[in-house]
Every structure is written in C-alpha cells, then in structure tokens.
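**Q** Dumping the structure here so I can ask a few things about it.
The values are calculated or read from the model by the stated rules, or taken from the named source; none is laboratory data. Computed from a predicted model, the values in this text were never measured in an experiment. Counting neighbours? That spans all protein chains shown, and the Cβs are built from the backbone with ideal geometry, glycine included. Areas reflect the complete protein model, heavy atoms only, side chains present, ligands, DNA and RNA absent. Shrake-Rupley method; radii C 1.70, N 1.55, O 1.52, S 1.80 Å.
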Amino acid sequence: MAEIKVDPVDNHTMVIPETEISAQKPHRTLRVASLDIFRGLTVALMILVDDAGGEWPMIGHAPWHGCNLADFVMPFFLFIVGMAIPLALKRIPSKGKAVKKVVFRTLKLLFWGLLLQGGFSHAPDKLTYGVDMQMIRFCGILQRIAFAYLVVALAEIFLKDAQSNDIAAGYCSVFRLYCWHWLLGACILILYLAMLYGIYVPDWQFAVHDKESADYGRVFTVDCNVRGKLNPPCNAVGYIDREILGINHIYLKPAWRRAKACTENSPYEGPFKNDAPSWCHAPFEPEGILSSISAVLSTIIGVHFGHVLIHLKVSVSMHGPWFSIPGSSMKFFIAGSFRKTEAMDHDGICSPHSRNSSAFYSCYVCVTSGAAALVFSAIYILVDIWGLKYMFVPLKWIGMNAMLVYVMAAEGIFAGFINGWYYEDPHNTLVGFSLELNRL
C-alpha cells in the first residue's frame, strides 16, 4: 500500500514571547511536545492501516467514495507539516536563509520519495532492488508533502505580515492578519475546481503492466468523452496524470480495485468479476498532480493553527485562551460534515481528495482538518496544559524520529521483526494468530 506513507518536514519550536525573553537566555526556544506526540500518533496509525488495512478494510482506504480511518492519515500529516512551518521559521533571521532551508528540505523529501516509493525497493523482504526507469513512479506521499511544504513555507516567508507580533483584539484577528494566506488558498481551490470540472476527458487505452496479473500485457479501452465527471475512469485528476506523467509512471494497484463494480469480495481484495469494467484493471495515481495541488489547502489550515499557537502564547502560559483551538477546529469539522453534495456516498461523510478526484474536496479538507485539530487539541490539553507527558513518551519518540520510523516501515523492517517471532512453525506469528482470530 503506497498511499499513505509520509515523512515529517520540520523540527518545530515554540518561541518564548518577547516580553518574557528579557529575563531569559536570548535564543531560548521550547518544543511543542503535543505536536511531537501528534506526529508520533499519526506515524503509528500509518503503520497500522498500512499493515492491517488489507485484512480489516474498515480501517483501510475507501475504494472510492467514503472516508475510512486510513483516509485521515495523509491530511493529518499535512496539517502537522502546516503547524510546524510558522513555529520553525519564526526565529530564522533572514528570508534568504529561510528559503535555503525550505528548498533543502524539499529536495530531501523528493529524494527519499523517489527512492522509497519510486519502485527501487520493490521487494525488501526478498532483498530485491532496482527499477526500470521506463516504469519509475514519479509521485508519492513524500513528493506530495514536499510540494505542499514548499508552496506553504514560501508563502509563510514572503506573505507574512512583518508586524505580526502585535495582534489586534477581535474574533477574526488571526484570519485578518494572515489574509494573504487564505487568499492563496482560495486561488488554489478555484484553480482546482476549474480544472476538475472544466477539462475534457477523451477515451483512453492502457496495457496491464502488473506482472502478477492474469491479464498482463492485455490492452483495455475506457470510454469517456465527458467533462466534469467524478467517477473512477473519467475524472480530470487521472487524465492529467496520464497525459503529463505517462501511464507507465503511475500507481499500478489503486484502492478502487476493491470497489463493488470490480470484485465480489469488496471491500476486500480479490479476483475481478467476469463482467468487471475495463477501468478496474487500470492504474491510478492517488498522489497525482491535481490532487496534490488541492492538498496544499490542508497545509494552509495547519499553518493557521500554528499561528494561533504563537499569538495566543499557549505553550508558555496556561492562562492563555487555549480553548480557541478546539473552537476553530469544530468549525472546520462541522462545515465539512454538513456539506451536502451530489458526490457524497451513502455510506460516508464525503470523498477523500486523493481517492476520488477530490469530489467536492472542500468537504474532505474541512472534515479531516477539523478532525486533526480536534485530536491535536485533546493531546495539547493533556500534555501541555495538564502536564501528562510521561504516558506519551513512546509516541513522542516516534514523532521526533519520524523519518527513521518511516524508512523502517517502508522497507518492511517492522513487519519483518514482528513476523520473525513465531511458535514451532514460521506461519504461527503474532500477526497470523490475530488474523485467524479475526476470521473466527
């Protein structure tokens, strides 16, 4: 499963207020423990849905419509990245140094993304490596994170008000202070929707390149000739990826293969129906170009909550109005939950932007960003307000070493370690035992 692997982008710091710095060391900074713990929790959730989502589809990615547990992981990471941006860039003295730092981290994410998700490490359990450059996968979770981080971090550097240390009183003061950030988000949303509904999608063909498929080498034709469709075969998101990236460079096993139209075992994986539509065999890039553009808005919302932390000084004073954070998060969550559109599925709240062409993506972004803010608020109250840090030490360590944990998960080291402990027979592992209990 390649949809949900992700990397943290920045070490984050909470700046001591100027009024309190005079009595302390001039460059003292504090980490926001709750953000580390939230990152660690999301990494742990990523590993869970990645390794167990196939056996428990209720926590895996929704085949197309719907919003399962796994579909919250990517927006959570984007939200965390957004929160870390203003905290990390707060004390960098010049724009030039800040830009260099952002560009370096972006290139690092792109490198690891291509290495880990491009196809080079295609069977780490068998120690087989290498990728045909004609089939390399260009997009991926880390690449999406890199793009969103680059855009939003540069916006934070160049659009932030130079006098932002002084915030005026008022209910919407933080929104007004960073209005250019929200204007950027509105432009991205308009561009996304214009392309989603305005691009014409013609008929298209593809050959099955999955060597494990019984239809390997077979050529299929998909009939479209439409504009503005949000269904799996004829959406503008997939069309843009096929035209720009090339159909040989996108993900071969999308989640839609588990859709009811494709397999009798839906939502489990299984052989295709005899009358399954041709698009069931097609590749689709869940982290494609257009959906990555729309994902920037999730990061912008995270930046807003980072600004709230800074301006309300909630990390250094328990008397600050910390309740503003869960209050704002509820607004996003409620706005998304009650967004009524014809693209909603009967079994879900809304449709994830990387799974179904971002069908009314504003709904998905509001719901997932609101949920991320609510989870962070709960952790923040427990850890930074009430001081209950020790019970979250493992998650904090994971959050502070998320890149290491991610690489170990991507290379199958965690799964190999767990499955390496068995009783009498190598098949009698802890995972195998739990799966047998699930079947019973």
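**Q** Taking a threshold of 31 Å on the Cα-Cα distance, which of the pairs K101/K211; K108/K396; K101/K253; K160/K389 fall above it?
**A** Checking Cα-Cα distances, K101/K211; K101/K253; K160/K389 exceed 31 Å.
**Q** Ordering E243, E287 by how much accessible area each has at a 1.4 Å probe, largest first, what is the list?
**A** Correct descending sequence by accessible area is E243, E287.
**Q** In terms of modelled amide H atoms, which long-range or inter-chain residues lie less than 5 Å from the amide H of V226?
**A** Residues meeting the amide H criterion: V201.
**Q** Moving on. Taking θ as phi - 60°, what are the ³J(HN,Hα) couplings along segment 368-383 by the Karplus curve (6.51, -1.76, 1.60), each to the nearest whole Hz, with x for Gly and Pro?
**A** In residue order, the calculated couplings are 6, 5, x, 5, 4, 5, 5, 5, 4, 4, 4, 5, 4, 5, 5, 8 Hz.
**Q** In whole Å, what is the distance between the alpha-carbon centres of segment 205-245 and segment 54-79?
**A** With segment 205-245 and segment 54-79 each reduced to a Cα centre, they are spaced 23 Å.
**Q** So for F111, F376, F138, what's the accessible-area order with a 1.4 Å probe, most first?
**A** F111, F138, F376
**Q** Which trypsin sites (Lys or Arg not before Pro) from segment 232-311 combine a DSSP loop assignment with at most 16 other Cβ atoms within 10 Å?
**A** K260, K273
**Q** Now for a different question. Kindly provide the trypsin sites (Lys or Arg not before Pro) of segment 200-239 that DSSP labels as loop, not H, G, I, E or B, and whose Cβ sees at most 14 other Cβ atoms within 10 Å.
**A** When the trypsin sites (Lys or Arg not before Pro) of segment 200-239 are filtered for loop state and at most 14 Cβ neighbours within 10 Å, K211, R218 remain.
**Q** Go through segment 59-66 residue by residue and turn each phi into a ³J(HN,Hα) via Karplus (6.51, -1.76, 1.60, θ = phi - 60°); whole Hz please, and just put x for glycine and proline.
**A** With coefficients 6.51, -1.76 and 1.60, one gets 9, x, 5, 5, x, 8, 7, x Hz.
**Q** For every other residue with a beta carbon closer than 11 angstrom to the beta carbon of G238, add +1 if it is Lys or Arg and -1 if Asp or Glu, then tell me the sum.
**A** Net local charge, G238 excluded: -1.
**Q** Something else: So what is the relative contact order of segment 44-121, in percent, for Cα pairs below 8 Å that sit 6 or more residues apart?
**A** 15 percent
**Q** Still on this structure: Would you rank K108, K90 by solvent-accessible area, highest first, keeping every protein chain in place and using a 1.4 Å probe?
**A** Final ranking, largest accessible area leading: K108, K90.
**Q** I've got another one for you. Label segment 37-100 by shape, choosing from rounded, prolate and oblate, from the square roots a ≥ b ≥ c of the eigenvalues of the Cα gyration tensor; if a/c is under 1.5 it is rounded, and otherwise prolate applies when a/b is larger than b/c, oblate when it is not.
**A** Prolate, since a/c reaches 1.5 and a/b exceeds b/c.
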